[in-house]
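Written out below as C-alpha cells is the structure these notes cover.
The values are calculated or read from the model by the stated rules, or taken from the named source; none is laboratory data. Since this is a predicted model, take the numbers as computed values, not measurements. Here Cβ is always computed from backbone atoms with ideal geometry, including for glycine, and neighbour counts include all displayed protein chains.
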C-alpha cells in the first residue's frame, strides 16, 4: 500500500513538473508592444560617471549602439523620451569591480540626432514639446564630483518602455550584460537583442 501511494505521489509530481514546463514554454519572450515598437532612444545610463582613464567610453558605446541599430534597420532613432517607443540605456564596463569616476556630469544632453535616410542624412532635434519628467536628454547640470563606482565590470544594455515619465525608473523589459557587449563593430548586445526579437516573433507566429 505504501509503495502504491509513493508511486501515485511520484506521478503527481511528474505531472506538475511537465505542466510547469509547458506553461514556461508558452510564456512570451517579449511582450507584444515591444515587438511593435519602431522608434528608439539610446542613452548613457544617467547613473554612470565619467571614467578618468576612458572619459569618452560611454559616449562611444552610445554611438556604436546607434550605428548598429541603424544598420539593423528595424528602428528609427528618436530625439527624446516622448517620441521613443523604447529606451535603451547603455553603460560601458571597466572590467573592474570598482573604479574612480566623475559624477554629476550630464551625459545625455544632445540637441541633435543624425539619422541616415534613403535620400541621404536626416537631422532631427527636440520637437518643442515640454520634456517628460525623468527624461535623461534634459538632465540639469550638477557639480562634478569624484566618486567610486562599484559592481559595473561588464558592459550593460538595458531596454525600457518609452513615452512615459521617469521611464528609466520603471521595470526593464530586457537586459544584456557581457564583457565587450558594446564593442564595435559587432556590438554583441544589439545582435543578441535582434535574435531575441526574432525568437519572440517566431513564437508569436506559432501561437494558435
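With the condition kept exactly as written, say whether any residue in the range 189-207 is out of contact with any strand residue (DSSP E or B) (no Cβ under 8 Å at 6 or more places or on another chain), part of a loop (DSSP other than H, G, I, E, B), modelled with pLDDT under 95 and over 14 Å from residue 31 (Cβ atoms). No, the range 189-207 contains no residue that is out of contact with any strand residue (DSSP E or B) (no Cβ under 8 Å at 6 or more places or on another chain), part of a loop (DSSP other than H, G, I, E, B), modelled with pLDDT under 95 and over 14 Å from residue 31 (Cβ atoms). Against the list (1) in a loop (DSSP other than H, G, I, E, B); (2) loosely packed, with under 13 Cβ neighbours inside 10 Å, the condition residue 180 fails is (2).
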